[in-house]
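Shown next, in structure tokens, is the structure this report addresses.
Please treat every number below as a calculation from the coordinates, not as lab data. Everything numeric here is computed off the predicted structure, so don't read it as measured data. We place every Cβ from the backbone using ideal geometry, glycine too, and count neighbours over all the protein chains shown.
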Amino acid sequence: MMTNEWIDVSQPLTNDMAHWPEDTPFSYSLTIAKQDSGSVNIGQITTSVHTGTHIDAPFHFDNDGKRIDELDVNLYVGEAIVLDVGNVQEITVETLGNFSFDGVTRVLLKTSLPNDHTRFPEQIPNLDPRIADFLAEKGIKLIGVDMPSVDALDSKELPTHHALYTNGIHILENLMLDNVEQGNYELIALPLAIKGADGSPVRAVLRKKTETDHN
């Protein structure tokens, strides 16, 4: 049995958080206050489904791809490995070849990008699309990154999104991994059951695996 506590690796959803420049910003406000209703406060949120820590459904970049409510939730729960690739700006097959992927189907990349949820970056480390073939050979089904995208921020072709999709690898973005050590963890990053959606916010948490844990 694990005794470690869960670590929240989600971006906090705040009214001053960063978002894609052309996208809908996050907003929370009270629509009904307790002093007016006599019993409760009731709030509302407005947001893009790609703001904060979120998953991409294949429909996000492929009109024929599955939507959020069609995805297997088991993809987003289970053993994962956090890999520190913060020493490079180009993450290639050669970069990932230095690590072992034994016994895991989910990989989370801790890059050099600082985890500042209030600032949208001007540039992010690059993921070579060829890593998709490599990860698929290792049995990986989910990749998570601490960046807004697995492709360059100005990319229209989204080659890494498509390469991952072709290889059956799903995408988790905007994790907060600055204070997470490299190693093996249990991951929970469940999407909301938003019917027909192209993405969903998640509450992503990790718990460190110990030597006494069993697969």
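Among Asn126, Gly52, Gly168, whose Cα lies farthest out toward the positive end of the dipole of the chain, if unit charges sit on the beta carbon of Lys, Arg (+1) and Asp, Glu (-1)?
The listed residue farthest towards the positive side: Gly52.
Fewest first, what order do Lys195, Lys209, Lys110 take by the number of other Cβ atoms within 10 Å? Display every interim value, and only then the final one.
Numbers: Lys195 9, Lys209 20, Lys110 23.
Ordered by Cβ neighbours within 10 Å, fewest first: Lys195, Lys209, Lys110.
State the number of lysine pairs found in the chain whose Cα atoms come within less than 26 Å, restricting to pairs 8 or more positions apart or on distinct chains.
Total qualifying Lys-Lys pairs in the chain comes to 16.
For region 7-208, give the magnitude of the charge dipole about the Cα centre (Cβ charges: +1 Lys/Arg, -1 Asp/Glu; no others), in debye to the nearest 20.
Numbers: 14 positive and 30 negative charges, 128 e Å.
Dipole magnitude for region 7-208 comes out near 620 debye.
Counting pairs of Cα atoms in region 118-215, how many percent are more than 19 Å apart? List each step's numbers first, then the result.
On the way: 2486 of 4753 pairs.
When all Cα pairs of region 118-215 are counted, 52 percent exceed 19 Å.
May I ask you to compute the full-extension gain from Thr92 to Thr210, defined as 0.36 nm times their residue separation minus their alpha-carbon distance, rounded to one decimal in nm?
Details: separation 118, 0.36 × 118 = 42.48 nm, distance 2.91 nm.
Roughly 39.6 nm would be gained on extension.
Multiply the residue gap between Ser100 and Leu153 by 0.36 nm, knock off their C-alpha separation, and tell me the result in nm, one decimal place.
Details: separation 53, 0.36 × 53 = 19.08 nm, distance 2.90 nm.
Contour length minus the Cα-Cα distance gives 16.2 nm.
Which residues in region 166-191 have a backbone N closer than 18 Å to a point placed 7 Å from the Cα of Ser112 along the Cα-to-Cβ line?
177-179
With each label point set 7 Å from Cα along the Cα-Cβ vector, what nm distance links Asp69 and Arg130?
Those two pseudo-labels are separated by 4.2 nm.
Could you bin all the Cα-Cα distances of region 46-105 into 5 Å bins starting at 0 and give me the percent of pairs in each, rounded to whole numbers?
4, 12, 15, 16, 19, 20, 12, 2, 0
Using amide H atoms built 1.01 Å from N in the peptide plane, name the residues 5+ places from Ser200, or on other chains, whose amide H lies under 5 Å from its own.
Amide H neighbours of Ser200: Ile55, Ala57.
In Å and whole numbers, how far do the C-alpha atoms of the chain stretch along each principal axis, longest first?
Dimensions of the chain along the principal axes of its Cα atoms: 60, 45, 33 Å.
Would you grab the residues whose amide H sits under 5 Å from the one on Phe120? Only those 5+ places off in sequence or on another chain, please, with H modelled 1.01 Å from N.
When sequence neighbours closer than 5 places are left aside, the close amide H contacts are His19.
At most 15 other C-beta atoms within 10 Å and a DSSP loop state: those are the exposed GluC sites (Glu not before Pro) I care about. Give me the longest piece of the chain that has none. Intermediate results must be reported in sequence, preceding the final value.
Values: sites that count: Glu5, Glu22, Glu122, Glu157, Glu181, Glu211.
Within the chain, the longest run free of exposed GluC sites (Glu not before Pro) spans 23-121.
Would you work out which of Pro148, Pro201, Val180 lies farthest towards the positive end of the dipole of region 94-215? Charges go on Cβ: Lys and Arg +1, Asp and Glu -1.
About the Cα centre, the residue reaching furthest to the positive side is Pro201.
Where both partners of a DSSP beta bridge lie in the chain, what percent of those bridges are antiparallel, to the nearest 5? Write out the running numbers ahead of the final one.
Numbers: 24 of 37 bridges.
So the antiparallel bridges in the chain amount to around 65 percent.
Would you mind calculating the gained length between Thr14 and Leu192 on full extension (0.36 nm times residue separation, minus the Cα-Cα distance), in nm to one decimal?
62.2 nm
For Ile32 and Glu181, FRET efficiency with R0 = 45 Å and r from the beta-carbon atoms, rounded to 0.05?
Numbers: r = 44 Å, r/R0 = 0.97.
Taking R0 as 45 Å, the efficiency between Glu181 and Ile32 is 0.55.
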